[in-house]
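Only one structure is covered here, and it is reproduced in the block below.
Each reported figure results from applying straightforward, stated rules to the coordinates on display, with no laboratory input. Just so it is clear, the model here is predicted, and its values are computed rather than measured. When we count neighbours, we look across all protein chains shown, and the Cβ atoms used for this are built from the backbone with ideal geometry, even at glycine.
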Amino acid sequence: MTIRTRFAPSPTGYLHVGGARTALFSWLYARKHGGKFVLRIEDTDLERSTEESVNAILEGMTWLGLEYDEGPFYQTHRFDRYKDVIAKLLSQGDAYCCYCSKDELDAMREQQRANKEKPRYDGRCRHLTTPRDGVQPVVRFKNPLEGSVIVKDVVKGDVEFQNSELDDLVIARPDGTPTYNLTVVVDDLDMGMTHVIRGDDHLNNSPRQINIFKALGAEPPVFAHLPMILGDDGARLSKRHGAVGVMSFRDDGFLPEALLNYLVRLGWSHGDQEIFTIDEMVQFFDIKNVNKSASSFNTDKLLWLNQQYIKTSSPEHIAHHLSWHMGSLGIDPTQGPELTKVVVLQQERAKTLVEMATNSVFFYKEITEFDDKAARKNLTIDSLVLLDDMQSRLSALSEWLAEPIHVQIKDCSVERGVGMGKVAQPIRVAITGNTMSPPLDLTLELLGRERTLAAITLAKKWVKDNVEAQA
């Protein structure tokens with residue numbers, strides 16, 4: 001048997017964290033067992049589904065690297081198939097037309113609540129033999145009245161539902177369009193799904209869907225319902241907890257593999273291991289080892305993971321993702337040092353790619369303004385003579401390399417009787433606009449002689465305009 005899993009989001013918003021974890025677990029299970037991973041877009045909610053949301057889902061899947069083997073399939077392209085199945089259920093007596101108006105249904109439920117009963121459809125149209133004139137009916141599935149349904153869940157174990165607690169759900173609206181619980185069964189059946197991995201908010205749908213599978217003479221797939229993801233405060237993860245859309249993590253400077261690594265650990269573990277390559281995730285992942293309890297999203301932990309990936313990933317890989325962030329800052333990374341060389345200098349110093357990009361702007365754009373606090377502390381009358389000296393020394397260098405640059409900084413500090421920081425910091429402020437940079441000798445080598453000397457000239461002018469003029 002070929003394992004077949006699917007990710008089936010509704011295109012009513014972005015690809016959120018919970019959906020991304022579901023997609024990841026489904027993808028991992030298929031990859032581990034040499035199976036197929038299918039992407040299906042459940043867009044039958046015509047009022048809420050949008051092309052923008054579809055594109056957001058596809059973009060999120062691409063950024064995460066969760067490539068699908070088949071699809072995307074769109075439910076709106078399969079309406080004829082659903083109509084055929086609904087007609088079959090009607091003809092074999094497993095579905096019926098319901099002519100109850102909204103007012104009638106509201107009154108029924110209000111009476112049930114008054115009787116302290118669970119509000120549910122009471123099946124009053126189950127045995128109706130004549131249609132009601134002038135009313136376009138819905139179609140309801142005729143759920144068994146007796147017995148129980150056992151959902152054999154890989155994560156939660158066996159969960160039993162009494163058929164008497166399940167009312168006759170609507171499977172087709174008055175306009176003939178199918179509803180979720182019908183379409184998902186038909187799709188999973190037609191697409192040969194062997195395993196359905198999804199959030200546990202779908203658990204209550206499972207007994208209804210199992211009954212529809214049985215009515216169609218088919219075996220249901222194996223179910224695995226994943227526990228929800230909570231925020232740091234214990235409440236269900238939502239927008240108020242910050243970035244919960246996958247692409248917002250891209251925008252905030254996270255690497256896709258860092259987010260995948262974090263998501264795989266939300267409810268699953270392999271010993272004490274924290275950091276996994278994609279190959280290790282595939283090798284070790286087992287849906288049976290997913291926890292039954294909810295997991296809490298911890299942004300600090302994700303930041304730590306992201307920092308580890310930035311430190312250890314190849315400069316070429318980091319540069320590939322960093323380029324997008326440089327562009328967001330109005331920087332063309334081809335107009336300056338090779339981006340991979342910038343990454344080599346910065347990757348030990350950044351927790352996010354946004355931080356790395358922001359701290360690397362000076363390599364591509366001349367600094368015209370200095371941080372006021374940094375300038376007043378380091379660009380002083382006393383620093384002017386050091387800047388003059390270093391400008392002369394650097395101008396005379398035969399080789400513009402880190403080692404001879406370092407020698408000149410050291411010699412200047414010795415001859416002037418000051419610490420190396422007194423020499424280095426004014427230059428650092430000159431080239432970056434603040435007091436932070438990678439090792440100065442390596443930074444100057446990459447920045448180049450012309451840019452360095454021009455920056456020192458500008459810093460000297462700042463001293464004369466802002467300090468000497470006030471003296």
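Data overview
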| quantity | calculated |
| --- | --- |
| Over the chain, relative contact order from alpha-carbon pairs under 8 Å, at least 6 apart, % | 12 |
| Residue exposure sequence - MET193, MET420 - by fewest surrounding Cβ within 10 Å | MET420, MET193 |
| Per principal axis, descending, Cα span of the range 178-232 in whole Å | 45, 22, 16 |
| Relative contact order (%) - criterion: Cα under 8 Å, at least six apart; region: the range 314-359 | 47 |
| Separation of alpha-carbon centers, the range 282-335 and the range 30-109, rounded to whole Å | 31 |
| Qualifying GluC sites (Glu not before Pro) in the range 1-75, DSSP loop, other Cβ atoms within 10 Å at most 13 | GLU47, GLU67 |
| Considering only the chain, percent of DSSP beta bridges that pair antiparallel, nearest 5 | 50 |
| Charge dipole of the chain about the Cα centre (unit charges at C-beta), most positive-ward option of ALA258, LEU169, GLN391 | LEU169 |
| 222 nm mean residue ellipticity, helices alone, for the chain (DSSP H n ≥ 4; -39,500 (n - 2.57); rounded to 500) | -14000 deg cm²/dmol |
| Folded to 0 to 90 degrees: helix 51-64 orientation relative to the chain principal axis, Cα | 60 |
| Set of lysines with alpha-carbon distance to LYS214 below 24 Å, sequence-local pairs under 8 removed | LYS83, LYS88, LYS142, LYS152, LYS156 |
| Loop-located trypsin sites (Lys or Arg not before Pro) in the range 263-314 whose Cβ has at most 13 other Cβ within 10 Å (DSSP) | LYS292 |
| Taking the C-alpha atoms of the range 366-470, convex hull volume expressed per residue in Å³ | 85 |
| Rotationally averaged projected area of the range 314-359 (alpha carbon convex hull; nm²) | 2.8 |
| With eigenvalues of the C-alpha gyration tensor scaled by 5 and rooted, the range 161-302, Å | 34, 19, 15 |
| Volume of the Cα convex hull of the chain, divided per residue and given in Å³ | 207 |
| log₁₀ of I(q)/I(0) at q = 0.16, 0.20, 0.23, 0.24 Å⁻¹ - the range 247-328, Debye sum with one point per alpha carbon | -0.66, -0.95, -1.17, -1.23 |
| Calculated FRET efficiency for the pair ASP158/LEU105, C-beta based, R₀ 30 Å, to 0.05 | 0.35 |
| Helix axis angle, 79-91 relative to the chain longest principal axis, alpha carbon, degrees | 30 |
| Mean separation of Cα contacts under 8 Å, 6 or more apart, over the residue count of the range 366-470: relative contact order % | 41 |
| 0 to 90° range, to nearest 10: angle between helix 299-312 axis and the chain longest Cα axis | 60 |
| Lys, Arg +1 and Asp, Glu -1 on Cβ, resulting dipole of the range 314-359 about Cα centre, debye, nearest 20 | 100 |
| Share of Cα-Cα pairs in the range 84-216 lying beyond 21 Å, as whole percent | 46 |
| Residue-count net charge about GLY448 - beta-carbon cut-off 15 Å; Lys, Arg +1, Asp, Glu -1 | -2 |
| GluC sites (Glu not before Pro) restricted to DSSP loop in the range 127-166 with at most 13 other C-beta within 10 Å | GLU146 |
| Partner aspartates and glutamates for LYS464 [C-alpha distance under 14 Å; skip if fewer than 8 residues away on the same chain] | ASP382, ASP388 |
